[in-house]
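The values are calculated or read from the model by the stated rules, or taken from the named source; none is laboratory data. In this text, all values refer to a predicted model and were calculated from it rather than measured experimentally. Note that we place each Cβ from the backbone using ideal geometry, even for glycine, and neighbour counts take in every protein chain shown. These area figures cover heavy atoms from the full protein model, side chains too; ligands, DNA and RNA do not enter into them. Shrake-Rupley method; radii C 1.70, N 1.55, O 1.52, S 1.80 Å.
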Amino acid sequence: METEFVPRGMQECIPDYRDIHQVEVPAYTDIEHHTWAQLYANQQRVLPGRACSEFMEGLAQVEFPSEKIPALAQISDRIKANTGWTLTRVDGLVPNYEFFKLLSERIFPSTDFIRRPDEIEYTPSPDMFHDLLGHAPLLLNPRFCAFFEDFGKAGVAAFENPAVNPAARDWLPRIYWFTVEYGLIQNLDGLRIYGAGILSSPKEVLYSLSDGPKKLPFDLDEIANKTYDIWHMQEELFVIESFDQLEDSFYAWAHNHGLLADRRSENRS
Ligand SMILES: [Fe+2]
């Protein structure tokens, strides 16, 4: 019987819950370091003027090495010093419930392996370049982090709270896709990108801001019911006005669906 080949990074895995400083750093080869350097150089060329200002500020603060793969612990420490978030190591896709739980505890899972040299242009499975370059810079932004923590808590409620509509387990991954991975934002100086799926791919960066994909106003009810295709360039993208809008509208939406408690009662307790 033939078994289906699943590329590394696309298999479900349980996170490595050890402190990130206890996790051994893989012995990367020169070729792997070179792959990181090439990917990093490519993105340095395309991100200025296209990635949002909040992402560029985070990128400057993280200070990724340009020639060498960084250790996850080093990046985790830089994030923690700014917002208190940390990284944990994973080997592939984290099941949704575990993923939401991590986010609710202000932990972001990152792989620690890099794609093959022939996958520089495109890889279907997230590797550490996607996880770090794409996601880490916004983990230094307090407004984005507030949304991300709320998102994790809402996800935990979708699994644990029997009063919540079970459809929420489908709505939340779609919201994640159209915000955290493929979101656009209207900065003061123009339309910019904040989604990690776009920012870690040179082709997606250029395509997303071209006339190709349709740009839609941010609407969580619409997004929650919209299916997406992970194998092709995105044809429709949603634009937020600010990270305040993302945080506030997600809170209101999630509260409305019984996924987040009333902030006022939280403050009183
Ligand atoms: Fe991602």
Q) D262 to Y17: extension gain in nm, 0.36 nm per residue of separation minus the Cα-Cα distance? A) 85.2 nm
**Q.** Inter-probe distance in nm under a simple model that places probes 7 Å from Cα toward Cβ, at E121 and D170
**A.** 3.5 nm
Q: With the full set of protein chains in place, find how many percent of the accessible area of the chain is carbon and sulfur; take the probe as 1.4 Å.
A: 50 percent
Q: At a Cα cut-off below 27 Å, give the lysines reachable from K68, other chains included and same-chain residues fewer than 8 away excluded.
A: K80, K203
(Q) Using only DSSP helix segments of four residues or longer, with each worth -39500 (n - 2.57), what per-residue ellipticity at 222 nm results for the chain after dividing by its residue count and rounding to 500? (A) -12500 deg cm²/dmol
Q.
Per 0.36 nm of contour for each residue apart, how much would the distance between A60 and F159 grow if the chain were fully extended, relative to their Cα-Cα spacing?
A. 32.0 nm
Q | Cα lying deepest toward the dipole's positive end in region 20-268, options L206, A81, L216, charges on Cβ | A | A81
**Q.** Cα-based Kirkwood hydrodynamic radius, region 20-268, one decimal, Å
**A.** 18.5 Å
Q | Label-to-label distance, nm, for residues given as D77 and V239 (7 Å Cα→Cβ offset) | A | 4.2 nm
(Q) Taking the Cα centre as origin and putting +1 on Lys and Arg beta-carbons and -1 on Asp and Glu beta-carbons, what dipole magnitude results for the chain, to the nearest 20 debye? (A) 480 debye
Q.
What distance in nm lies between label points placed 7 Å from Cα along the C-beta direction at K214 and W231?
A. 2.2 nm
Q.
Less than 12 Å apart at the alpha-carbon level, and either on another chain or at least 8 residues along: which aspartates and glutamates does that give for K214?
A. E235, E236
Q. Using the heavy atoms of the protein chains alone and a 1.4 angstrom probe, what is the accessible area of region 20-268 per residue in square angstrom?
A. 44 Å²
Q. What net charge do the residues around Y122 carry, taking every other residue with its C-beta under 14 Å from that of Y122, with Lys and Arg at +1 and Asp and Glu at -1?
A. -2
